[in-house]
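Accompanying notes for the structure given below.
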Amino acid sequence: MLDRCVPAVIPMYWWDGHPNFGDALTPWVPAGRGIVAVHTPLSGARAVGIGSLVDQLPDDFDGTIWGSGLLRDTETRLPRARFLAVRGPLTREQLGLGTDVTLGDPGLLVGAHARRRAPRWRLGVVPHGLHHADTALERLGRQAGVRTIDVRSTPSVVMAQIARCEAVLTTSLHGLIVADTLGIPAAWTQREPRLWGGDFKFRDYEAVVSPGRSRERTINESMDPDQVARACGLPDGDALSRSISELEASIAQLPVIPSRVWDVHSLRTKVR
């Protein structure tokens with residue numbers, strides 16, 4: 001019976017230079033739909049997924065882009081690529097794409113497999129990897145009722161912890177995205193050192209789910225967890241639902257390859 005098990009496989013690229021749950025969502029999301037995403041170098045990838053990956057693509061890339069975004073506000077052209085979805089309208093504009101391209105980060109689809117839980121913490125703090133030693137975020141994390149969530153953990157661990165928070169403050173884009181799909185009020189803030197590309201990816205994403213407004217907040221040393229939590233907010237419900245629905249529909253258009261189970265390991269071995 002095992003030789004008749006033929007999963008849908010997709011050779012896919014995502015950033016794996018260091019542990020980060022946001023990047024690791026790329027294989028995690030398709031897996032929930034029965035698709036095995038196999039990490040593949042760009043030279044052999046048929047698709048690229050979650051993250052600010054468009055800047056990394058060669059001009060002649062001819063695969064599928066699924067929810068990826070630009071890192072910086074810079075005009076870019078990929079004439080041979082197939083655009084199934086991009087992260088937001090700022091990326092779409094800089095790529096010169098039409099309005100028929102789906103907008104949204106596929107990380108929003110984790111809500112289909114995760115649920116908000118009874119709160120354990122008043123506030124979750126989700127520092128980007130560059131901000132683990134930030135003094136203001138560390139001070140918040142040491143206070144009662146606050147959980148500092150490590151983005152270097154697996155998607156399951158990070159989502160389980162976010163799901164138990166009443167509100168989320170983040171310098172990681174996917175901390176914001178997971179909070180949004182779980183219905184948890186959230187805010188994002190900028191800290192030093194600034195992220196590569198500045199706030200572009202946050203503005204790109206928020207233009208999809210909370211058009212016309214930003215949940216960026218300035219955090220100072222005097223704020224307590226309750227003040228920070230009250231500064232958090234939810235995205236626009238209709239806009240969020242529309243993006244999730246369109247991203248969900250786009251999964252059926254991913255360029256999968258029917259492959260036998262034992263071939264999956266073979267492919268993974270060849271490309272690593």
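Can you pull out the residues in the stretch 186-200 that are buried (at least 19 other Cβ atoms within 10 Å of the Cβ), part of a loop (DSSP other than H, G, I, E, B) and at pLDDT 95 or above?
Once the filter is applied, which keeps residues that are buried (at least 19 other Cβ atoms within 10 Å of the Cβ), part of a loop (DSSP other than H, G, I, E, B) and at pLDDT 95 or above, the stretch 186-200 yields only T189.
Let me confirm something: among V228, V208, which residue is within 28 Å of A118 (Cβ to Cβ), in contact with a strand residue (DSSP E or B) (Cβ under 7 Å, 6 or more places away or on another chain) and either in the same structural domain as T26 (by TED's automatic domain parsing) or touching a residue at least 60 places away in the same chain (Cβ under 8 Å) (or both)?
V228
Going by the structure shown, is D62 more than 15 Å from T26 (Cβ to Cβ) and loosely packed, with under 14 Cβ neighbours inside 10 Å?
Against the criterion (more than 15 Å from T26 (Cβ to Cβ) and loosely packed, with under 14 Cβ neighbours inside 10 Å), D62 qualifies.
What strands (runs of 3 or more DSSP E), lying completely within the stretch 13-99, carry at least 1 residues that are at pLDDT 95 or above?
64-68, 82-86
Go over the candidates V178, V208, V151, V228 one by one and state the one that is assigned to a loop (DSSP other than H, G, I, E, B) and either modelled with pLDDT under 95 or not basic (K, R) (or both).
Answer to the check: V151.
If I ask for residues that are acidic (D, E) and surrounded by fewer than 18 Cβ atoms within 10 Å (Cβ to Cβ), which ones from the stretch 202-234 would you list?
Passing the criteria: E216, E221, D224, D226.
Filter the stretch 53-76 down to the residues that are closer than 24 Å to P11 by Cβ, more than 17 Å from the chain's Cα centre (by Cα) and without any contact (Cβ under 8 Å) to a residue 24 or more places away in the chain and list them by number.
P58, D59, D60, F61, D62, T76
Restricted to the stretch 124-143, and to residues that are under 13 Å from P193 (Cβ atoms) and outside any helix (DSSP H, G or I), which residue is nearest to the chain's Cα centre (by Cα)?
H128
The values are calculated or read from the model by the stated rules, or taken from the named source; none is laboratory data. What you see is a predicted model, and the numbers here were worked out from it, not measured in a lab. As a convention, Cβ positions derive from the backbone with ideal geometry for all residues, glycine included, and neighbour counts pool all protein chains shown.
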